[in-house]
Structure formats: C-alpha cells, structure tokens
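Below you'll find the structure, written out as structure tokens, and then a few comments.
The values are calculated or read from the model by the stated rules, or taken from the named source; none is laboratory data. Being a predicted model, the structure only gives us computed values, none of them experimental. Cβ atoms come from the backbone with ideal geometry, glycine included; neighbour counts cover every protein chain shown. Areas reflect the complete protein model, heavy atoms only, side chains present, ligands, DNA and RNA absent. Shrake-Rupley method; radii C 1.70, N 1.55, O 1.52, S 1.80 Å.
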Amino acid sequence: MEKLFTIVVLLFFCYSFIGWLWETIYCSIKAKHFVYRGFLLGPITPIYGFGVVGVLYFIEPYQQNIVLLFILALILVTALEYLTSFLLEKIFHLTLWDYKEVPLNINGRVAVPVSIFWGLACIFIVRVLNPYLMGLIFNWQQRFGIFLPMILLMVTSFDLGFTLANLASLRQAMNKMSTTIQEKKEQLQTDLGELKVAAEERRQGWMTEIKEQPEWRKQLPKLNFQERRFLNSFPNMKSKEIKSPLTEIRQLAKELRRK
C-alpha cells in the first residue's frame, strides 16, 4: 500500500509539472512574452495530475484497445475540466478559461476540439511517455521511499493555503479597483447634449484623472507578486462580481506600482 501511494503521488506531481510546463510554454509563445501559468505559486497544475492519474488507473483495463482508451480518456478528462471550471466559478466567482469562441462548446467550460486533443494526448502519455516515466518513478520510490511524496504534499498544502488567501485578497482588491474606476467614469459623464462627445472622450480618460489625484491612489490596494501573477496569467479570466473590464483593472494595477 505504501509503495502504491508513493508511486501514485509521484505520478501526480510529475504530470502536474508537465502540464504546467506545457501551459507555460504554449501561453508564453501565444502572448509573445513569458507567462507563469498555474493556479498555485509552485510550478504545477494539479488538474493535469488528477486527469492523467485518473486515466492511468481508472481505465487501465481498457488501455490495450486504443479506440476505447481514446473515448474513455476523452470523457474522463472532459468531465474533470467541466467540474473544475464549475467549482471555480461557484466557489471563487472566477472563470479562468472560456471556450465560447471554440466550436461545439458546452457553456464555455469544455469544447469538443479541445477534448479530442486531450484524448489524443492521453494515448501518447499511456503508450509512449508513461512507460519511460515509470522507470524514473520506481527509482525515486526505491531511493526516497515515502518521504519524497510526503514532502511534496506538505509543500503543496502550504502553497494551496497561501494561494487561497491571496485569491481572497485579490477579489477584494479587484472589487475596490473596479468600484473606483466606475466612480471616476461616472464623475466624468454629463447629460448635457452639447457636451456628449467631449464627455465620452473624458470618460475614457479615467486613468488620467486617477493619476492626477494622489488621494485616489492612496485609497487603492497594491497587489503583491502572487496577486499580480494570478491577474496577469489568465487573460481570459472573468468574474461576475467585477463590472469593469479586467484589462482596465490590469492597467490600474500596473499604474499603482509606480511611485
């Protein structure tokens, strides 16, 4: 039992790291600058670890049939992705990814083309990558025993607690910044017909107004590294609590760092 526990935990962290590496490289190339992806501060993305470990163990009896492997892996990973998106929205009021522009999507949480990609990726993992990786896992298990997975779990637990605390403070900060942006926009509006065009131009200048009024800057929170990373690492992030576009909040957060 101890050996199985060690192997499963090490597999989880290996694939969580591989998933983080894949997302970081892909998103960095797409954004044309380095993007530190991941929900946690550490270089892991747990949804990949859960997904691959689920494929490796839950559908192990069907792995010899490549068609069944593809179909069952596709279903399992898609269900996990949908559940993760649903929980993030219900618990944290955040949407970190949105597939609404991808054909055949379900509520923007999952999409058929993406699921097909993950199904094919799981075939590669099961047939090609995992046999090689298991050799490394067995070596680590014999060398470090249960100590390595326990250390990794403890570090990740601290990381999760730290991330959740920062996520709560980030939500408060975003709400405050959004409220400030909306207040400044409202102050710059007028109902006078002859000033409508000028008012619209001034309304777009809310950032200039905040820059020129130090008392407004003092009232606004400055984000720490983890909060800034989280805000900038997910360009498609959405929140039903926030009225202002996240592009404006990112712009304001960047301005607040300047002295």
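Does any residue in segment 1-13 that is touching a residue at least 24 places away in the same chain (Cβ under 8 Å) come within less than 8 Å, Cβ to Cβ, of a residue that is outside any helix (DSSP H, G or I) six or more places away or on a different chain, and which pairs are these?
GLU2/GLY145; GLU2/ILE146; PHE5/ILE146; THR6/GLY145; THR6/ILE146; PHE13/ILE44
Here is a check on your reading of the model: is PHE17 surrounded by 14 or more Cβ atoms within 10 Å (Cβ to Cβ), out of contact with any helix residue (DSSP H, G or I) (no Cβ under 7 Å at 6 or more places or on another chain) and either hydrophobic (A, V, I, L, M, F, W, C) or modelled with pLDDT under 90 (or both)? Full working, then the answer.
Working: surrounded by 14 or more Cβ atoms within 10 Å (Cβ to Cβ): yes; out of contact with any helix residue (DSSP H, G or I) (no Cβ under 7 Å at 6 or more places or on another chain): yes; either hydrophobic (A, V, I, L, M, F, W, C) or modelled with pLDDT under 90 (or both): yes.
Yes.
Cβ-Cβ distance below 8 Å, separation of 6 or more or different chains: which pairs start in segment 162-181 with a residue that is of a type outside the set (Gly, Ala, Ser) and end on one that is modelled with pLDDT of 85 or more?
PHE162/LEU41; THR163/LEU40; THR163/LEU41
Those residues that are open to solvent by less than 40 Å² (accessible area, probe 1.4 Å) and under 18 Å from ILE59 (Cβ atoms), I need them from segment 90-132; list them, please.
Hits for segment 90-132 are SER115, GLY119, ALA121, CYS122, ILE123, ILE125, VAL126, ASN130.
Filtering segment 140-154 down to residues that are touching a residue at least 24 places away in the same chain (Cβ under 8 Å) and loosely packed, with under 14 Cβ neighbours inside 10 Å, which residue is nearest to GLU89 (Cα to Cα)?
LEU153
For segment 118-162, how many residues are of a type in the set (A, V, I, L, M, F, W, C) and within 16 Å of ILE66 (Cβ to Cβ)?
Within segment 118-162, residues that are of a type in the set (A, V, I, L, M, F, W, C) and within 16 Å of ILE66 (Cβ to Cβ) number 10.
For segment 59-89, which residues satisfy the criterion of being open to solvent by 40 Å² or more (accessible area, probe 1.4 Å) and small (Gly, Ala, Ser)?
ALA79
Within segment 28-40, how many residues are without any contact (Cβ under 8 Å) to a residue 12 or more places away in the chain and either closer than 20 Å to GLU81 by Cβ or open to solvent by 30 Å² or more (accessible area, probe 1.4 Å) (or both)? Working first, answer last.
Step one: of segment 28-40, the residues without any contact (Cβ under 8 Å) to a residue 12 or more places away in the chain are 28-30, 32-34.
Next cut, either closer than 20 Å to GLU81 by Cβ or open to solvent by 30 Å² or more (accessible area, probe 1.4 Å) (or both) only: 29-30, 32-34.
So the count comes out to 5.
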